[in-house]
């Protein structure tokens with residue numbers, strides 16, 4: 001009972017569309033929260049902000065989240081990949097400056 005490749009391609013296309021919609025909803029939610037917290041008014045380099053968000057995510061996931069944990073991760077922030085770590089965007093800049 002194998003599926004024809006055309007059916008598999010259709011399923012993949014539907015899943016990709018669902019993923020795109022879910023990412024859009026998440027980004028809009030995070031953006032609203034970040035703006036409400038005042039993150040939009042802070043002038044910060046995107047790489048620094050990404051690193052600060054990674055620290056925050058590490059902290060909330062139970063890791064240390066201190067300055068030491070960003071040393072090896074700063075290079076990954078420059079990759080420009082999706083910022084799934086920004087789920088916890090509110091207050092990221094404040095948290096990173098007090099922990100660094």
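See the values below:
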read-out	value
Tally, over the stretch 1-12, of residues that are surrounded by fewer than 10 Cβ atoms within 10 Å (Cβ to Cβ) and part of a helix (DSSP H, G or I)	2
Criterion: assigned to a helix (DSSP H, G or I) and either at pLDDT 90 or above or exposed (fewer than 10 other Cβ atoms within 10 Å of the Cβ) (or both) - qualifying residue of 43, 54	54
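The values are calculated or read from the model by the stated rules, or taken from the named source; none is laboratory data. What you see is a predicted model; the values in this text were computed from it and never measured. Note that we place each Cβ from the backbone using ideal geometry, even for glycine, and neighbour counts take in every protein chain shown.
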